[in-house]
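What follows is a set of notes on a single structure, which appears directly below.
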């Protein structure tokens, strides 16, 4: 068969087999799509850079690095949890932030980050459970002078119980049991 006939047959078969209609769009940002399987490795390197930059006290740069890492590998729950723990337990600590309203903002930022991550990660139950832990932490430390959480400690505890139930509904092995223990007290 000549080259012209092979080309014609290939084009006809290609046209018949082509999935006509809208082509599904890959929802990931361009950079992870271009990097493919290397994106996870690059994200890991970015988390090392994040830790180093935090140790140097350059927080704005560190947060930009963390956002890049989350964009590169949004499915991994560890990145979301690492950044949320930094915000809720390090930045919102009395040693690092003496003003209660600023501490509260860091905690709210951590909770919002975890909630955002639940829609991106492959393990949303892990992030929901972490949200419950952050809220439980708030419930154990809140006084009007300490943090000024809306509704106080009891509201934070009730929110934590609800989030632990939600984590259990999503499949977290300890979500329901911790919600039950906290409800009993």
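Arranged by the count of other C-beta atoms within 10 angstrom, fewest first, what order do 65, 45, 107, 141 take?
Final ranking by Cβ density, sparse to dense: 45, 141, 65, 107.
Taking the alpha-carbon centroid of each part, what is the distance from the stretch 123-172 to the stretch 33-87 in angstrom?
24
Looking at the square roots a ≥ b ≥ c of the eigenvalues of the Cα gyration tensor of the stretch 74-184, which shape do they give, rounded for a/c under 1.5, prolate if a/b is larger than b/c, or oblate?
Cα axes put the stretch 74-184 in the oblate bin.
Every read-out reported here was derived from the displayed coordinates using simple, explicitly stated rules and does not represent laboratory data. In this text, all values refer to a predicted model and were calculated from it rather than measured experimentally. Every residue, glycine among them, receives a Cβ derived from its backbone with ideal geometry; neighbour counts consider all protein chains shown.
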